[in-house]
Amino acid sequence: MRIDKYLWSTRYFKTRSTATAACKKGHVKVNGHLVKPSREVYPQDMVSVRKNQINYELKILDIPKSRVGAKLVDIYRKDTTPPSAFEQKELLQHAKDYYRKKGMGRPTKKDRREIDYYLNEEE
C-alpha cells in the first residue's frame, strides 16, 4: 500500500490529499528516509510523521484493506511516540499564551518595562 493511502486509512490525516501534501513537503519518513507519496510500505516499517509540531513515530503492524474506524486503528500500527514530544508542544502553547498578535497596537506599560529590562541587562 502507498504511504499516503496508509496514513489516510489509519486516520493520521483527514483526507488523502493532505497526506500526499505532507509527503511532498518532507514531513514523512520511512525507516529514516524522506519518501514520496507513492512509496510502498510493508509490515515492520518504521514511519515518522511530523504533524502539528509533533514528530509521531509508528511501527506498521499490518496493512488495512481500506480506511478503518478509529477503534480499529491500533490493529494496524503501534504508536511509539515519546511522551516528551507532547510535553514540548504543551510548553510551546504556554509560551504563546501571553504573546500579542502583530498589529495589536502599542506595547503596554508592562511590555515596555520588560523591553527596557531586557535591553539594560545586555549592556
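No lab work stands behind these numbers, since they all come straight from the coordinates. It should be emphasised that the depicted structure is a prediction, and the values quoted were computed from it without experimental measurement. No Cβ is skipped: glycine too gets one built from the backbone with ideal geometry, and neighbour counts run over all protein chains shown.
So the values come out like this:
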quantity	calculated
Normalised contact order of the chain, rounded percent, pairs of Cα under 8 Å and 6 or more residues apart	19
Candidates Lys24, Lys71, Lys110: whichever shows maximal mean-square fluctuation once the chain is modelled as a Gaussian network with Cα springs under 10 Å	Lys110
Selection from Leu119, Tyr6, Pro83 lying farthest towards where the dipole of the chain points positive, charges on Cβ	Tyr6
Max mean-square fluctuation residue, GNM over the chain, Cα-Cα springs under 10 Å, options Gly69, Gly26, Gly105	Gly105
Residue among Arg11, Arg39, Arg112 with the largest mean-square fluctuation in a Gaussian network model of the chain, springs linking Cα atoms under 10 Å	Arg112
The chain: C-alpha gyration tensor shape, a/c 1.5 cut-off, then a/b vs b/c	prolate
Neighbour net charge for Val49 - beta-carbon separation under 9 angstrom, K R +1, D E -1	+2
